[in-house]
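Here is the structure we will look at, set down as structure tokens.
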Amino acid sequence: MRKMNFAAGPSVMPLDVLEELQKNLVDYKGKGLSMIEASHRGGMFEEMYDECLADFRELLSIPDDYDVYFLGGGATLQFTMIPMNFLLKGTHADYLKTGSWANKAADDAEKLGDVNTLFDGKDSGYTTLPEPESVKPSEGASYLYLCSNETIGGIEWQSFPDTGDVPLIADMSSDFLSRPVDVKNFAMIYGGVQKNLGPAGAVFIIMRHDMLDKRNSNLTAYMDYAKHAKNKGLYNTPPVFSIWAVSLVLKWIKANGGAEGMLKNAIEKSGYIYDVIDSSDFYRSPVDKRYRSRMNVVFRCPSEELEAKFVDEAKKEGMLGLKGHRSVGGLRASLYNALPMEDAASLAAFMKEFERRNG
Ligand SMILES: *Cc1c(COP(=O)(O)O)cnc(C)c1O
């Protein structure tokens, strides 16, 4: 019996994909070796990889003048690579400090260059975002950086600022492919795959090719985006297993309605949980309603004791990963693409029952 996995990352995978991986792990499609034993310079890997990149492009209609590839190092390495490449001496970058992940990115950038804080959600406890229309890049900014979904705080941009000629860079680790996104409004989109796309190990990079003209070209090889773009992400050994699994998840997304289909599901799944919260005096959401995340639903019970009890009892029902991040406490249900609809419905039913017994 599979558990219901509400963990924030690593997180639930589509069962079909796990079974496909299992079926082909030892002997990939009758070729007599495993994908994770094959050279990344050989036909077997490259065939899978090319198809993966093609599916990736197709799912978001990524224009041809964008490079797409995968790297290692987690989303966290990008907190460093972005300023190393684009935050040049004599320039500055605008950061929107909207919570744990955007703030970590800003902290790293500050070590490398001049950061202008365009927004800081500190006073609200990082429970709200600026209105997208109000966000204007500062004069001469080399880029504007934001995090599309704060995985820990549970807030998500519903639409994005128009930054004009200033390149917009977004960390979409935790809501990527949960909705359609107009890629051409961004200079760069990246994210760790372990939230919505596959097992940990790979980071996807989508970058407009002309960004390379603006980069610091005097970097060590791995840190230089041009090296990776030129080699389609195969400058060094890529995270093969993670990419293989992502390739299967992309096919699963395509078979389930693409980004539009994922959005429809995300609205329905998060709707189950927010409906319970909104119709109750027992649960509360600390988050500005306008920016509620459809991926990570953060909520509280009347006391920390009840929250601990909630986590314990949910676990007994086979529901895992509901404890809020250690930095903020409370409860959090992550409802990524692969989480079955029934699991969200089961959690909503459990919440009502828990309230009835403890309210
Ligand atoms: C998880 C997460 C990260 C960090 O990812 P790592 O792969 O662990 O480095 C960064 N940004 C967001 C939005 C995340 O959810």
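The values are calculated or read from the model by the stated rules, or taken from the named source; none is laboratory data. Just so we're clear, the structure is a prediction, and the values are computed from it rather than from any experiment. Counting neighbours? That spans all protein chains shown, and the Cβs are built from the backbone with ideal geometry, glycine included. Calculation scope for accessible area: heavy atoms of the full protein, side chains included, ligands and nucleic acids excluded. Shrake-Rupley method; radii C 1.70, N 1.55, O 1.52, S 1.80 Å.
Descriptive notes on the structure:
- In segment 7-81, the trypsin sites (Lys or Arg not before Pro) that fall in loop regions by DSSP, at most 15 other Cβ within 10 Å: Lys31, Arg41
- In segment 258-358, a dipole from Cβ-located charges (positive for Lys and Arg, negative for Asp and Glu) runs towards its positive end, and of Gly324, Tyr272, Ala344 it is Gly324 whose Cα lies farthest in that direction.
- Extreme residue, positive dipole direction of the chain, given options Leu248, Cys52, Ile206 (C-beta unit charges): Leu248
- FRET E, pair Glu305, Ala345, Förster distance 25 Å, beta-carbon r, rounded to 0.05: 0.40
- Loop-located trypsin sites (Lys or Arg not before Pro) in segment 325-359, at most 13 other Cβ atoms within 10 Å (DSSP): Arg326
- In percent, rounded to a whole number, the relative contact order of the chain is 23, using alpha-carbon pairs under 8 Å and six or more apart.
- Global geometry of segment 118-264, whether rounded, prolate or oblate, following the gyration tensor of its Cα atoms and the 1.5 cut on a/c: oblate
- Pairs of Cα atoms farther than 19 Å apart, segment 258-358, %: 37 percent
- Extended-chain gain in nm, criterion 0.36 nm per residue less alpha-carbon gap, Arg2 and Gln158: 52.9 nm
- Sulfur and carbon atoms: percent of accessible area, the chain [1.4 Å]: 49 percent
- Only helices enter the 222 nm calculation for the chain: every DSSP H run of n ≥ 4 contributes -39,500 (n - 2.57), and dividing by all residues gives -11500 deg cm²/dmol, rounded to 500.
- Cα gyration tensor, the chain - rounded (a/c under 1.5), prolate or oblate: oblate
- About its Cα centre, segment 15-255 has a charge dipole of approximately 560 debye under the convention of +1 per Lys or Arg Cβ and -1 per Asp or Glu Cβ, with nothing else charged.
- Segment 258-358, accessible area per residue, ligands and nucleic acids excluded (1.4 Å, Å²): 47 Å²
- Mean Kyte hydropathy of -1.0 or more with a Cα span along the axis of at least 20 Å, helices from DSSP in the chain: 43-60, 240-255, 258-278, 341-358
- The count of lysine pairs in segment 233-356 whose Cα atoms are under 24 Å apart, excluding pairs fewer than 8 places apart on the same chain, comes to 20.
- Shape parameters for segment 9-132, alpha-carbon atoms, Rg then Dmax in Å: 20.3, 59
- Counting charges near Phe310 (Lys, Arg +1; Asp, Glu -1) among other residues having Cβ under 14 Å from its Cβ returns a value of +2.
- Probe 1.4 Å, accessible area per residue of segment 15-255, Å²: 41 Å²
- Met207 sits among other residues whose Cβ lies under 15 Å from its own Cβ, and their net charge, with Lys and Arg +1 and Asp and Glu -1, is +1.
- Rounded to the nearest 20 debye, the dipole magnitude of segment 258-358 is 260 debye, with +1 charges on Lys and Arg beta carbons, -1 on Asp and Glu beta carbons, and the Cα centre as origin.
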